[in-house]
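The values are calculated or read from the model by the stated rules, or taken from the named source; none is laboratory data. Treat the numbers as computed from the prediction; the structure is a model and nothing was measured. Backbone-built Cβ (ideal geometry, glycine too); neighbour counts: all protein chains shown. Calculation scope for accessible area: heavy atoms of the full protein, side chains included, ligands and nucleic acids excluded. Shrake-Rupley method; radii C 1.70, N 1.55, O 1.52, S 1.80 Å.
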Amino acid sequence: MQTKLCMANARSIAQGAKWIRAGEVVAFPTETVYGLGADALNPIAVHKIFDAKGRPADNPLIVHIAEEEELPALVTAVPDMAKKLMKAYWPGPMTLIFPKSDDIPDIVSAGGETVGVRMPQSAVARALITQAGCPIAAPSANRSGSPSPTTAQRVLEDMNGRIPLILDGGESLVGVESTVIDVTGTVPIILRPGGITPEMVAQVCGEVQIDAHVMRPLEEGEAARSPGMKYKHYAPRASVIVFDGEAAAVQRAICARYDAAKQHGQAPMIFAPREHDYGTRTVYAWGSASHPEEAAAALFEALRQMDDEGADIILAEGVDKTGIGLAVMNRLGRAAGFQIERV
Ligand code: TXA
Ligand code: MG
């Protein structure tokens, strides 16, 4: 199959909507990361997403809608806390987990009783959903296991020959995937941190829980509340080590590890804010330490770029786990297999 990469405009969006209606898979931009979309109500079309990604069948997909009126058909109940969150943060980088209606095919929910629904902010994404005339099931548009793509070019690298069309909407602004929140219980539970922070959820709901596996791996035999927690994720080819602690100590530890790696003939690279000085060592600088959202926006592209440049080891400065910093540390932690060195 030939893959076309088109600037997102009225014509290419109409073409994308046509492909979706025809049961094909189209990659499209959202404000978080690029998605790999198909008609959520067509199991054969959704199957093609799993094929293109090489995704395990037990990992459910998020269903994307353009308007709130599309929600009731997809779920059996909309709890009050969900209504509050939707009012505050939809459209935006937030996915809510609801009890699913019978309209949701088993392949979308991976056989489970719940479905994740998100209304993205991206105008291109919403135009595509509206014109397709159906909800769009979409995971991140990477091959399973690699970092999520934040540009159309990265989608092409992973999906060339596997899907007919990629809509190019420029760089994703948030850069990490949506916050996934379970709203089926009495308290909202964050299963995956993202652009909508725990603080923002608590502000609206009065309380919030963060699933323990956001910052640690599943133990042998432990059940995952969100299947995505089970899988190695966001991982570049290089091994990643995250350093967490007081800034000066972190920088000293990174320099020591960098120099030792060099002496062993390896190619280390550092992921750090630009104001931290690493002398002549190779640094991928992500912006300013006081703006963790810049780390989020840069992270996945940085991991891919450091791979392209042949890094063997990526030494990453940790960030404060408040605000969007929790999402950055979750993705860094997972890229590192949760090998976080406290210094
Ligand atoms: O920002 C995003 O969420 C992007 C864009 C394209 O919307 N999508 C995305 O999808 O990141 P994906 O499939 O790469 O990640 C979805 C995560 C997975 O970890 C999955 O296990 C979890 O959400 N998930 C999906 N449905 C779920 C459900 N019903 N219950 C629990 N977790 C669910
Ligand atoms: Mg993904």
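Observations on the model:
- Among 214-226, 192-204, the peptide with the highest mean count of other Cβ atoms within 10 Å heads the list, and the full ranking is 192-204, 214-226.
- Dividing the convex hull volume of the alpha carbon atoms of the range 1-106 by its residue count gives 125 Å³ per residue.
- Split the accessible area of the chain by element, probe 1.4 Å, and carbon with sulfur accounts for 50%.
- For the range 158-283, the ratio of Cα radius of gyration to the globular rule of thumb 2.2 N^0.38 Å stands at 1.40.
- Acute angle (nearest 10 degrees) that the helix 292-308 long axis makes with the longest principal axis of the chain, alpha-carbon atoms: 80 degrees
- Distance from the range 68-124 to the range 294-336 (C-alpha centre basis), Å: 28 Å
- When the alpha-carbon atoms of the range 40-98 are used, the pair Rg, Dmax equals 13.6, 37 angstrom.
- Debye-formula intensities of the range 286-335, expressed as log10 I(q)/I(0) at q = 0.30 Å⁻¹, are -1.24 (one equal scatterer per alpha-carbon, no solvent).
- Sites matching GluC sites (Glu not before Pro) across the range 235-339 that sit in DSSP coil, with at most 15 neighbouring C-beta atoms within 10 Å: Glu246, Glu275, Glu309
- Estimated translational diffusion coefficient (Stokes-Einstein, Kirkwood radius over Cα pairs, 4 °C, 1.567 mPa s) of the range 127-190: 92 µm² per second.
- Taken over the range 221-343, the alpha-carbon convex hull comes to 116 cubic angstrom per residue.
- Net charge, Ile340 excluded, C-beta distance under 15 Å - Lys, Arg +1, Asp, Glu -1: +1
- Taking the three principal axes of the alpha carbon atoms in the chain, the coordinate ranges are 58, 48, 37 Å, sorted in descending order.
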